[in-house]
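Following: one structure in structure tokens, then a few remarks.
The values are calculated or read from the model by the stated rules, or taken from the named source; none is laboratory data. The structure presented is a predicted model; accordingly, all values stated were derived computationally and were not measured. Note that we place each Cβ from the backbone using ideal geometry, even for glycine, and neighbour counts take in every protein chain shown. Protein only, heavy atoms only, side chains kept; ligands, DNA and RNA dropped before computing areas. Shrake-Rupley method; radii C 1.70, N 1.55, O 1.52, S 1.80 Å.
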Amino acid sequence: MRSKTSYFNETVFWKNITHFWPVWLIYTILLLCMLPLRLLVNSGISYEGYSAQEIKEIKMNNFMQILFSDGSGALIALLSLAIGIIVAMAVFYYLYNNRSSHLFHSLPLKRTELFISNFLSGICMLVVPVLLAFILGTVCCIMQGITSLQYLLAWALMLTGESFFFYSMAIFVGMFSGQLLAMPVFTIILNVLYIGCRYVITCMISTIGYGMANSYADRMNSILSPVIYLSNKVGVEYDYLEDRIEYHMFGLSVVGIYVLVGVVLIVISCLLYQKRKLEATGDVLTIPATRPVFRWGMAFCVAFLTAILLNGLFGVLVHTSLGNFLMVLFTTLIAGFLAFFVAEMILTKKLRVVTKKRLLECGVMLGISVVFLLCIKWNAFGLENKIPDKKEIVAANINCYFEIEENSESGIDEIMSIHQQIIDSKKEFQAYQGSSDLDKALQWVEIDYQLADGSIMVRSYDVPAAKNYYENADSVVSRIYAMSMDPENYLKGNLMVNYDDPNNHIISMEFDTYDQNLEYGSINIPDERAQEIYDAYLKDIRAGHIYLNTVNDNYYKHTYINGLYLHVYNSQGIRLTRGEQRMWGMENSKDYYFDLNLNDRCVYTINKLLELHIIESEDELMTLQEMEDRSMSMEQE
């Protein structure tokens, strides 16, 4: 009689379900508190005084905030990562205990049958709580009259898909280790490994390379770092219109891709499980080929991170680029040597790990580190001299006193020309930065290019900004100063790109006041007068009534601490410079708050404030220098 091949064992399945009931029970309670219970609490809110349409919109907004707080998928991603790791540790716990491992594998079960049974029991722990929360959440929504259940379904699919992927990843990682605690540690490291490595390399290049600071800041979000990628690429966008809020789901296809990757990882894990050696239980890594990767990876990361950290703490004490490089080099060598043998101690669980073979391997690793650092120092990769081809540039930005964004051909040409001048002046600028000149002054400059492929190339420099450099019209700082004094650039960089859009509506305007005791106050300006003051300010700037914070402009003596604070709404959307959008996350915003900085040249604005009796005399205005002097005087009193 032919024996029947089985790929599932019911006993193993139910053993996991009953044995690890605290895991799925706590997860179920957590999901019920996150969704149905919060929906139930919201059902008790009083909507007295609101119209039926307003009540519907409020309920819908509360519902979406419960599902996706601030539209972000970060909570779902982190929860999925945590539960995926915990369930994987639970159902495969026996692999990390020598006695349990031999006991389970002595049973009359094939490894494939054992693996699939454990895997499916874990899937059950992940899916059933989500399904229960979805059903009860649906009931609560129907009770409150919320009919947009597609968002609830999307929430359930996101949570299920992401938890499946992280569960599969944890199992895959677990096949390489013989210690239970190594599974969560390695899984978390793997989730941030790519971005972490890029960050370390970027920081090292920034530490040694000329102008390379923040050069890869806009490429840090990668699909190879799943938990971070899912946090940013999955969720809901809120589109705030004048009369309603629209919601747009995004990222379900991304979750689908990760689910497919999870299936591949499970298949590979099953194959690795067939070959797993029981005697490797207790080892940090069960596959010998992965041990050099661990040693080298730990050594490189610790060495570079230590060098970056110490340079950040003590780099200010080193005034030359050569001294800075030598400090980084010696720190890398010492930290790399120590980290390499600490990694070997972790792998072998021994203290005596220094052998000729390991010394040779460590020497090769340190040699590669030195070569890498020298390549950065000598610009072997050509990154310092790189300026994108003009055909590839969509827009160019230069940020010094404020951000200037250029889309025109002439504007891009000017920024590229300034950038080339900075590159050509490398030796001069570095020598100036390392000099002991008492009148030495440096100005930070950042240049970035938005390229046709969607990427952004960023460079930043400290350029000489002493008085004699401003007096030279051809110097870098003078050329940037000239661009910054252009009224159009000033208004777009300090207010909004669409500052003069007829769709702009001033919601509110406040004027800041300070008395002689530096007590702060504010005056609310009537809506019908706010536009008059705003127009007067635009007239001042267009007339060139501007001061910049330079050694020549005496900025503090002429700029007032008093300012105007605006809240502006535009139904077509607020447009900011690219850097401001990234900083504040304002890509789709329709309202914006900003300040109008006043100085003693702003005669049109000041006269308008006097005319409207916002102030009665210019004596009520206080410059930054006067405020500082007054503050010191009060301290002495």
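Here are a few things to note about the model shown:
- Computed Kirkwood radius, in angstrom, where 1/r is averaged over Cα pairs of segment 101-211: 18.0
- Surface share of carbon and sulfur [accessible, 1.4 angstrom probe, percent] for segment 78-230: 74
- For segment 12-59, Kirkwood radius (reciprocal of mean inverse C-alpha pair distance, Å): 13.6
- Cα gyration tensor, segment 533-637 - rounded (a/c under 1.5), prolate or oblate: prolate
- Here's how it looks for A441: its modeled amide H is under 5 Å from those of A465, A466, which are all 5 or more places away or on a different chain.
- Cα-based reach from K492 at 21 Å (exclusive), listing lysines while leaving out same-chain residues under 8 positions away: K539, K590
- With protein chains left intact and a 1.4 Å probe, residues in segment 22-66 average 59 Å² of accessible area per residue.
- Segment 22-151 - Rg (one decimal) and Dmax (whole number), Cα, Å: 20.4, 71
- Rounded, prolate or oblate (a/c below 1.5 giving rounded, otherwise prolate when a/b exceeds b/c) for segment 353-460 by Cα gyration tensor: oblate
- Rolling a 1.4 Å probe over the heavy atoms of the protein chains gives segment 417-513 an accessible area of 44 Å² per residue.
- Normalised convex hull volume, the chain, alpha-carbon set, Å³ per residue: 239
- Segment 349-365 - phi-based ³J(HN,Hα) in whole Hz, Karplus 6.51/-1.76/1.60, Gly and Pro as x: 6, 10, 8, 8, 10, 7, 10, 4, 5, 6, 4, 5, 4, 5, x, 5, 4
- Shape of segment 447-603 from the C-alpha gyration tensor: oblate (a/c of 1.5 or more and a/b not above b/c, with a ≥ b ≥ c the square roots of its eigenvalues).
- Aspartates and glutamates whose Cα lies under 16 Å from that of K557, excluding same-chain neighbours fewer than 8 positions away: D600, E618, D619, E620, E626, E628, D629
- Cβ crowding within 10 Å averaged over residues, with 99-107, 201-209, 186-194 ranked highest first: 201-209, 186-194, 99-107
- Lysines whose Cα lies under 23 Å from that of K377, excluding same-chain neighbours fewer than 8 positions away: K386, K426, K427
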